[in-house]
Amino acid sequence: MKGLNNYFYLFINCFSPIIIYPLPEPEIVVIKSSSFTLQWDNPEYVTPDSFNLYYKQHGTTVWKPLGNTVTNITEFLINYSALDGGIFYDFGVSAVYINDDSTISESTIHSSLDRSAVPKSGWYIKWVF
């Protein structure tokens with residue numbers, strides 16, 4: 001099924017045909033400075049103890065740690081010098097919780113490419129100097 005990566009499948013029931021809706025491509029955000037501030041929203045129901053930030057080169061699958069913040073800080077300054085010298089980047093954030101027994105839980109990474117990111121098509125960075 002090559003070429004169907006950018007489509008959403010809706011199965012009405014097992015006897016109905018598949019309806020395929022094309023999804024918009026993620027937007028490219030051009031950064032022309034050596035840094036920018038990434039901001040995100042707190043989870044809706046529970047405030048995390050901290051957040052972990054991640055990045056990866058666009059088109060790859062391995063997330064690399066970028067840094068972390070403390071409670072209620074929902075922004076992070078990203079410097080190009082902290083990355084690995086590419087041009088196109090995806091960014092992600094996860095929520096970190098300290099449980100009652102002092103163990104740590106981390107949510108899945110919410111990516112800039114997620115369809116719930118703003119804009120709804122998702123986005124990634126193109127760094128240009």
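Could you identify the single residue in L113, L66 that is assigned to a strand (DSSP E or B) and surrounded by 11 or more Cβ atoms within 10 Å (Cβ to Cβ)? Step through it out loud before you land on a result.
Numbers: L113 fails: assigned to a strand (DSSP E or B).
That would be L66, the only listed residue that is assigned to a strand (DSSP E or B) and surrounded by 11 or more Cβ atoms within 10 Å (Cβ to Cβ).
Looking at the stretch 44-60, which of its residues are within 20 Å of L113 (Cα to Cα), in a loop (DSSP other than H, G, I, E, B) and modelled with pLDDT of 85 or more?
Let us first name the residues in the stretch 44-60 that are within 20 Å of L113 (Cα to Cα), namely 44, 51-60.
From what's left, in a loop (DSSP other than H, G, I, E, B): 44, 58-60.
The answer is H58, G59, T60.
Restricting attention to the stretch 82-120, report how many residues are more than 18 Å from Q57 (Cα to Cα) and out of contact with any Ser or Thr (no Cβ under 9 Å at 6 or more places or on another chain).
Qualifying residue count for the region: 10.
Looking only at the stretch 84-110, filter to residues that are within 16 Å of G67 (Cβ to Cβ) and in contact (Cβ under 8 Å) with a residue 40 or more places away in the chain; which one of those is surrounded by the fewest Cβ atoms within 10 Å (Cβ to Cβ)?
Looking at the filtered set, the residue picked out is E106.
Among the listed residues P65, P48, identify the single one that is of a type outside the set (D, E) and closer than 28 Å to E25 by Cβ.
One residue alone meets the criteria, P65.
Do we have any residue at all in the stretch 32-48 that's in contact with a strand residue (DSSP E or B) (Cβ under 6 Å, 6 or more places away or on another chain) and among the acidic types (D, E)?
Within the stretch 32-48, none of the residues are in contact with a strand residue (DSSP E or B) (Cβ under 6 Å, 6 or more places away or on another chain) and among the acidic types (D, E).
Quick check on E25: is it closer than 27 Å to D84 by Cα, among the acidic types (D, E), loosely packed, with under 13 Cβ neighbours inside 10 Å and modelled with pLDDT of 70 or more?
Answer is yes for this residue.
The values are calculated or read from the model by the stated rules, or taken from the named source; none is laboratory data. Source: prediction; values computed, not measured. Backbone-built Cβ (ideal geometry, glycine too); neighbour counts: all protein chains shown.
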